[in-house]
């Protein structure tokens, strides 16, 4: 049996930010001020969006919502590491990548409401956003199918000879699924330009990570499939950015795939349908709250004199105004038009569906309500 050295990157935890707001000078990339502020602003933005939208769900205005509270570092760092031509195959907690890459907030929110501005025309669950404009693919609530899809897209890119990279996300629970095994096997054999990122937030709904695997880490599984593996502190946005960007650049230049375990924590419920107090202690939550990725970066930025109270107040005001305007716009809209029921299935609508469409559209809405 192969024995790994104790400093193997799949066993150690790569980090840059210290708890006191300083950074390891041997690891700090000394990113530009604008990049650091963008990281902070984007993490704060999705935190405020999540707070507001969970409230909307509690008010009955949307049916479902999944927050990423405590896990903002990985999607934000990933979004800032990608090129426009790259593809993203998300799981539940990576919809923020779209926003980082420039997807309009109002359109993003329209998908949560499933209304007439929803580019998916009300056909997906809330918190399952996707958009061709930013190469983000719709995902399924079934755990894991997006992982082999990411590998397959990367294999296609390699066959075409283009330079796009695919990034596939998963939670720790997905590493117990057959799709994970299939994707890792194909990635190891064919070596396409793909980066697979596992956000290990310690809980697959109510199942703790220690009941998912007997491996020392999740990252160490990369060795079994012939992949490069890295374990990174998922609450340290600088470390995640460094690791993901290095993996993306490496994949783009023909260096092959990487499997990244981003060690983080879901501070909120799994979704608006979940009560986490039934399976984990408040003490555990409070311990991880002290490692909040937003507060951690804020300490660093204040120490570096990049962020002060006035700058923070400006960021908060800008986010609040943007969110208020987007919600006011989206909440005025009605449901998708009835005619859209027949769209996006066939390139040309077959005759039998044309007849059904004509009959359907001829029926008054009141009559449809009784069918």
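The values are calculated or read from the model by the stated rules, or taken from the named source; none is laboratory data. Being a predicted model, the structure only gives us computed values, none of them experimental. Every residue, glycine as well, gets a Cβ built from its backbone with ideal geometry; the counts of neighbours run over all protein chains shown.
When the residues of region 233-253 are narrowed to those that are out of contact with any helix residue (DSSP H, G or I) (no Cβ under 9 Å at 6 or more places or on another chain) and surrounded by fewer than 24 Cβ atoms within 10 Å (Cβ to Cβ), which ends up farthest from residue 195 (Cα to Cα)? Here the residue is 253.
When you check residue 104 against the structure, is it closer than 14 Å to residue 130 by Cβ, surrounded by fewer than 23 Cβ atoms within 10 Å (Cβ to Cβ), assigned by TED's automatic domain parsing to the domain that holds residue 291 and over 9 Å from the mean Cα position of the chain (by Cα), yes or no? Yes; evaluated as a whole, the condition is true for this residue.
Against the list (1) touching a strand residue (DSSP E or B) at 6+ places or on another chain (Cβ under 7 Å); (2) in a helix (DSSP H, G or I), the condition residue 322 fails is (1).
May I ask you to say which residue of 305, 298, 313 is within 30 Å of residue 236 (Cβ to Cβ), in the same structural domain as residue 205 (by TED's automatic domain parsing) and assigned to a loop (DSSP other than H, G, I, E, B)? Please lay out each step first, then the result.
Working: 298 fails: assigned to a loop (DSSP other than H, G, I, E, B); 313 fails: assigned to a loop (DSSP other than H, G, I, E, B).
305 is the lone residue from the list that is within 30 Å of residue 236 (Cβ to Cβ), in the same structural domain as residue 205 (by TED's automatic domain parsing) and assigned to a loop (DSSP other than H, G, I, E, B).
Find all pairs meeting these conditions: Cβ atoms under 7 angstrom apart; at least six residues apart or on different chains; first residue within region 275-294 and on the phi < 0 side of the Ramachandran plot; second residue surrounded by fewer than 14 Cβ atoms within 10 Å (Cβ to Cβ) and assigned to a helix (DSSP H, G or I). Note: no pairs meet the criteria.
Listed by first and then second residue, the pairs linking a residue in region 347-363 that is over 15 Å from residue 337 (Cβ atoms) to a residue that is in a loop (DSSP other than H, G, I, E, B), with Cβ atoms under 9 Å apart and 6 or more places separating them unless they lie on different chains, are 349/343; 353/345; 353/346. I'd like to know if region 87-101 contains one or more residues that are over 26 Å from residue 297 (Cα atoms) and surrounded by fewer than 23 Cβ atoms within 10 Å (Cβ to Cβ). Among the residues of region 87-101, at least one is over 26 Å from residue 297 (Cα atoms) and surrounded by fewer than 23 Cβ atoms within 10 Å (Cβ to Cβ), which makes the answer yes. Yes or no: region 149-170 includes at least one residue that is on the phi > 0 side of the Ramachandran plot, at pLDDT below 95 and not in a helix (DSSP H, G or I). No, that holds for no residue. Flag: residue 129 matches the condition of being free of Cβ contacts under 8 Å to residues at least 60 places away in the same chain and surrounded by 21 or more Cβ atoms within 10 Å (Cβ to Cβ). Confirm whether residue 91 is in the same structural domain as residue 319 (by TED's automatic domain parsing), modelled with pLDDT of 95 or more and in a helix (DSSP H, G or I). In short, no.
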